[in-house]
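Asks: Take a look at this one; I'll ask things after.
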Amino acid sequence: MVKAEIITIGDEILYGQILDTNTQWISLELDKLGIKTVRKSSVGDQKSEILQILTEAAKRADVVFITGGLGPTKDDLTKKILAEYFGCELAMHPVALQDVTEFFAKRGRELSAINRDQALLPTKAEFVRNSQGTAPGMWFNEKGIIWVSMPGVPYEMKNIMEQEVLPRLVKHFHMPVIYHKVIKTVGIGESYLSELIESWELQLPAHIKLAYLPSMGIVKLRLTAMGDDLSRLQEEVEVELQKVNPLIQSYIFGYEKDELAEAVGRLLINQKATLSVAESCTGGHLAHQFTQNPGSSAYFVGGILSYANQVKIDQLAVSEEILASQGDVSEACIQAMAQGVQKRLGTTYALATSGIAGPDGGTEDKPVGTVWIALAHPSGVVTRKLTLGGTRMQNIYLSSLACINLLRKYLLNDLS
């Protein structure tokens, strides 16, 4: 197994002034080649700290990726430090100089001395062309370790990786094939899920590993197979999917990059059905889950954001009597909201939410996190009471998720 380490350089990353997206992208690309990332590190613009982290990386990795610190200003130290680390000098690289000269000429700008110096490279480095910027990448092969230094600008780094670095890595290393398959589940916690599939998990072949990847409201199961033949790995993973799917079919909503609302949207399209929403506590978040997906106009008609009770009365025909006697966070109110928007917008189905997202507004009878959701369908209404305990945004998100999952289960005839 080829092991990689990724080092990002720059005070701005440590200060939180910019989001480091480079390491995630590099890791994903390396994984496709069968290269395992064993460490990700960020370091500031301090010579001693950079030298220390380079020394540590050499003890762990077969290939080290460095991003950042290649700009023309005095705080960009990477080239000088790499030259010192590898015991060599900086020298003008003719091809790099030609590239940077042409870069400025195409833009009608004169090449300054400081930009000219970007063509200075450590003499032990192999030049790596950067067709999107002025700072070239560098490739070192020292004592059996490959070192790759690239600009921190994401689009420049990605171009260098795709055009130059990844092809070189394929030629340099003989790597096994790694194949992933992700199962996405909703409506069940990680521990309960593990109990349902324990016997299946224990019989997995040694070269196929299972990982649980829980997030708020969603648990992903990632199968990772390793070998030499991609087609065979895909077939073996498919066999395992056929074994596990019947055990948890009720909770599976998709695979890989599928999102819950997107998957439910496909069900609606297949049934030639339409959807509307009436939202109170979720404040538009429920509608957003659907409308963020391309093609949602094929089934999503619209919604009414009935945050105030008067809007519930005027737009959704919720009776004043219900609001006075039972309140807006009640089963009677949520039923009326769902049926009101279903009738007003003329849709097959309608979802509704009303609750206390917090952090204030709770009572002894209805504490923060109390939420009612409803699904109006052609034959009636289904309601559910949620008792959540998260932050305001967590309660909003989980309420929307529960609503969408309620519709999913109804469309699949899986409501209990």
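Asks: Where residues in segment 1-22 are open to solvent by 50 Å² or more (accessible area, probe 1.4 Å) and assigned to a loop (DSSP other than H, G, I, E, B), which of them is nearest to M175 (Cα to Cα)?
Replies: M1
Asks: Are any residues in segment 377-398 touching a Ser or Thr at 6+ places or on another chain (Cβ under 9 Å), free of Cβ contacts under 8 Å to residues at least 40 places away in the same chain and either open to solvent by less than 40 Å² (accessible area, probe 1.4 Å) or hydroxyl-bearing (S, T, Y) (or both), and if so, which ones?
Replies: Within segment 377-398, H377, L386, T387, L388 meet the criteria.
Asks: Sticking with this structure for a sec: Six or more apart or on different chains, Cβ under 7 Å: which pairs go from a residue in segment 247-269 that's farther than 14 Å from G217 by Cα to one that's part of a helix (DSSP H, G or I) and of a type in the set (S, T, Y)? Could you list them?
Replies: Note: pairs meeting the criteria are G265/S296.
Asks: Here's a follow-up. Does segment 31-48 contain any residue that is without any contact (Cβ under 8 Å) to a residue 60 or more places away in the chain, over 26 Å from the mean Cα position of the chain (by Cα), exposed (fewer than 14 other Cβ atoms within 10 Å of the Cβ) and not in a loop (DSSP other than H, G, I, E, B)?
Replies: Yes, segment 31-48 contains a residue that is without any contact (Cβ under 8 Å) to a residue 60 or more places away in the chain, over 26 Å from the mean Cα position of the chain (by Cα), exposed (fewer than 14 other Cβ atoms within 10 Å of the Cβ) and not in a loop (DSSP other than H, G, I, E, B).
Asks: Output the residues belonging to segment 399-416 that are open to solvent by 40 Å² or more (accessible area, probe 1.4 Å), within 21 Å of Q335 (Cβ to Cβ) and in contact (Cβ under 8 Å) with a residue 12 or more places away in the chain.
Replies: Y410, L415
Asks: Here is a follow-up. Which fully enclosed helices (runs of 4 or more DSSP H) of segment 301-349 have 3 or more residues being among the charged types (D, E, K, R) and open to solvent by 30 Å² or more (accessible area, probe 1.4 Å)?
Replies: Answer list for segment 301-349: 331-345.
Asks: Among the numbered criteria (1) closer than 29 Å to K32 by Cβ; (2) not in a loop (DSSP other than H, G, I, E, B), which one does L267 miss?
Replies: (1)
Asks: For the structure I just gave you, tell me whether V153 is buried (at least 18 other Cβ atoms within 10 Å of the Cβ) and touching a strand residue (DSSP E or B) at 6+ places or on another chain (Cβ under 6 Å).
Replies: No: the conditions fail for V153.
Asks: Would you point out which residue out of G369, G361, G355 is small (G, A, S) and either in contact with a His (Cβ under 9 Å, 6 or more places away or on another chain) or surrounded by fewer than 21 Cβ atoms within 10 Å (Cβ to Cβ) (or both)?
Replies: Unique residue meeting the criteria: G361.
Asks: Answer yes or no as to whether Q234 is open to solvent by 10 Å² or more (accessible area, probe 1.4 Å), under 18 Å from L398 (Cβ atoms) and in a helix (DSSP H, G or I).
Replies: No; evaluated as a whole, the condition is false for this residue.
Asks: If we scan segment 345-358, do we find a residue that is without any contact (Cβ under 8 Å) to a residue 60 or more places away in the chain, within 33 Å of the chain's Cα centre (by Cα) and more than 23 Å from A261 (Cα to Cα)?
Replies: Yes, some residue in segment 345-358 is without any contact (Cβ under 8 Å) to a residue 60 or more places away in the chain, within 33 Å of the chain's Cα centre (by Cα) and more than 23 Å from A261 (Cα to Cα).
Asks: Also, I was wondering about something else. Pick from E89, E84, E102, E162: which is open to solvent by 60 Å² or more (accessible area, probe 1.4 Å) and in contact with a helix residue (DSSP H, G or I) (Cβ under 7 Å, 6 or more places away or on another chain)?
Replies: Being open to solvent by 60 Å² or more (accessible area, probe 1.4 Å) and in contact with a helix residue (DSSP H, G or I) (Cβ under 7 Å, 6 or more places away or on another chain) holds for just one of E89, E84, E102, E162, which is E89.
Asks: Please state which one of G34, G69 is modelled with pLDDT under 95, among the small types (G, A, S) and closer than 16 Å to I146 by Cβ.
Replies: Unique residue meeting the criteria: G34.
Asks: Got at least one residue in segment 59-72 being crowded, with 18+ Cβ neighbours inside 10 Å, touching a strand residue (DSSP E or B) at 6+ places or on another chain (Cβ under 9 Å) and assigned to a helix (DSSP H, G or I)?
Replies: Scanning segment 59-72 turns up no residue that is crowded, with 18+ Cβ neighbours inside 10 Å, touching a strand residue (DSSP E or B) at 6+ places or on another chain (Cβ under 9 Å) and assigned to a helix (DSSP H, G or I).
Yes/no matrix, rows are residues, columns are (1) open to solvent by less than 80 Å² (accessible area, probe 1.4 Å); (2) of a type in the set (A, V, I, L, M, F, W, C):
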{"residue": "Q249", "(1), (2)": "no, no"}
{"residue": "G254", "(1), (2)": "yes, no"}
{"residue": "G265", "(1), (2)": "yes, no"}
{"residue": "Q271", "(1), (2)": "no, no"}
{"residue": "S276", "(1), (2)": "yes, no"}
{"residue": "C281", "(1), (2)": "yes, yes"}
{"residue": "F290", "(1), (2)": "yes, yes"}
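Asks: Something else now. Scan segment 5-33 residue by residue and report those that are of a type outside the set (S, T, Y) and farther than 30 Å from D228 by Cα.
Replies: Hits for segment 5-33 are I9, G10, D11, E12, I13, L14, G16, Q17, I18, L19, D20.
The values are calculated or read from the model by the stated rules, or taken from the named source; none is laboratory data. Keep in mind it's a predicted model, so treat the numbers as computed, not measured. Quick reminder, even Gly has a Cβ in these numbers, built from the backbone with ideal geometry, and neighbours come from all protein chains shown. What goes into the accessible areas is simple: the full protein's heavy atoms, side chains included, and nothing from ligands, DNA or RNA. Shrake-Rupley method; radii C 1.70, N 1.55, O 1.52, S 1.80 Å.
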